Amino acid sequence: MTSPATVPVPAPEPVPLRRRLLRAAGWLAVVAFAWWAVTRLAGAVDWDEVAAALRRLSWWALVPMVVLLLVRQTLNAAPMALYVPGLGLWHATQNDLSAHVVATFAPPPADLVLRVAQFRSWDVDPVRAMTGMTLNMATYYGVRVGAPVLGLAFLAADGIERRQWLFAGLCALATAALGVAVALILRGDAFAAAVGRAAGRAGRLVRRGVDPEAWAARVVQVRQTAAGDLRRGILRAVLALVVMLLVDASILLVALRAVGVGEATLPTLDVLGAFLLAYPLTILPMAGLGVVDALLVGGWTVAAGTEHEGAIVAATLAWRVVTIGGTLLLGTLALVAWRWRARRRPPADGTSYLQGVSG
């Protein structure tokens, strides 16, 4: 059996120059695609109007946006605290933020190595914690895919288009299928292995290095290790993530109001509903940067009028800066704070917390 000190997480290898260049090219491609999506779906944007709207964004508006960001990140980490005994909400948030920064700038599995090192430094069983992380990921994907169903509830007063019904219906079916799969996984090892193997085969279509048998073993381990934790924490975890989505949408709502897009122009329910309908697309790189933004800007411009397009684009840019840039800043602070404490409190045997995580 694997001991907490030797969790089989491979150590990150040095990144070749070619891979670094490809990564940089990928980032440039994302930025270029974002620009294309905004101009293609939202139309020709008057960037002078956008700049004027951004100048109307007072510094005080950043205060509630940052506070909401802190709440969002705390709620995002709440399932980990519920699924991992002894971790706690503070450490779960710190772990989530730190791993996000590492995953953004370093190749995998550097983020997993960091997570395991942090679990060890907090005297949390890394095996149990990694199982909780798997449960957290499954819960988040279920809520993410199911978000359009809640979005329809917000949009019901103004009428719902057929395509919105269709998209939300498909998302509801996907969420239900995921829920049924989780329920069956909890009933026995055989079905858990079958689900993991099927997921591994699907993953191998995208990434050749995926081992379906390893995935099967992982799902069985999750069932055996944390079935009780999942049953006890699933409802509270789902509730926390649903509130997290509403808080995320509220950051964008604050930005819209701060640049002059009022309630009469774009009602709050329309903002929340459209955001939740588009939320599954955040599965794309950089949280759907460009695609999600273009869909929101295009839809809201049609509803509010083209004279408000510049302000809507400005609010969307402010939301992205706060949620993407702010999260990276918080993650950097969380990582620096952990490393500082880790240096002051090294393991009793004198080793590093990073030692032993490569198996």
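Read the figures in this text as sums done on the coordinates, not as results from a lab. Just so we're clear, the structure is a prediction, and the values are computed from it rather than from any experiment. So basically every Cβ, Gly included, is an ideal-geometry build from the backbone, and we count neighbours across all protein chains shown.
If you stretched the chain out fully between Leu184 and Glu307, how much longer would it get, using 0.36 nm times the residue separation minus the C-alpha to C-alpha distance?
Details: separation 123, 0.36 × 123 = 44.28 nm, distance 5.23 nm.
Answer, rounded to one decimal: 39.1 nm.
Once you sort the root eigenvalues of the Cα gyration tensor of segment 68-161 as a ≥ b ≥ c, which label holds: rounded (a/c under 1.5), prolate (a/b larger than b/c) or oblate (the other case)? It would help to have the intermediate numbers written out before the result.
Numbers: a/c = 2.50, a/b = 2.13, b/c = 1.17.
Taking the square roots of the gyration eigenvalues as a ≥ b ≥ c, segment 68-161 is prolate.
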Average projected area of the Cα convex hull of segment 105-244, in nm²? 10.7 nm²
Please list, ordered by chain and number, the residues whose modelled amide H lies under 5 Å from the amide H of Ala106; skip anything fewer than 5 residues away on the same chain. none
If you average the alpha carbon positions of segment 129-178 and of segment 243-284, how far apart do those two centres end up, in angstrom? 16 Å
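Determine, from the Cβ-Cβ distance of Ala52 and Ala217 and an R0 of 41 Å, the FRET efficiency 1/(1 + (r/R0)^6), rounded to the nearest 0.05. Could you put the intermediate results ahead of the total?
Numbers: r = 58 Å, r/R0 = 1.40.
That gives a FRET efficiency of 0.10.
Would you mind getting me the FRET efficiency between Arg339 and Phe105? Use the beta-carbon distance for r and R0 = 22 Å, nearest 0.05.
So, using R0 = 22 Å, E works out to roughly 0.90.
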In nm, the gap between the two label points placed 7 Å beyond Cα toward Cβ at Val63 and Arg162 is 5.0 nm
Any idea what the alpha-carbon Rg over 2.2 N^0.38 Å comes to for segment 40-340? 1.06
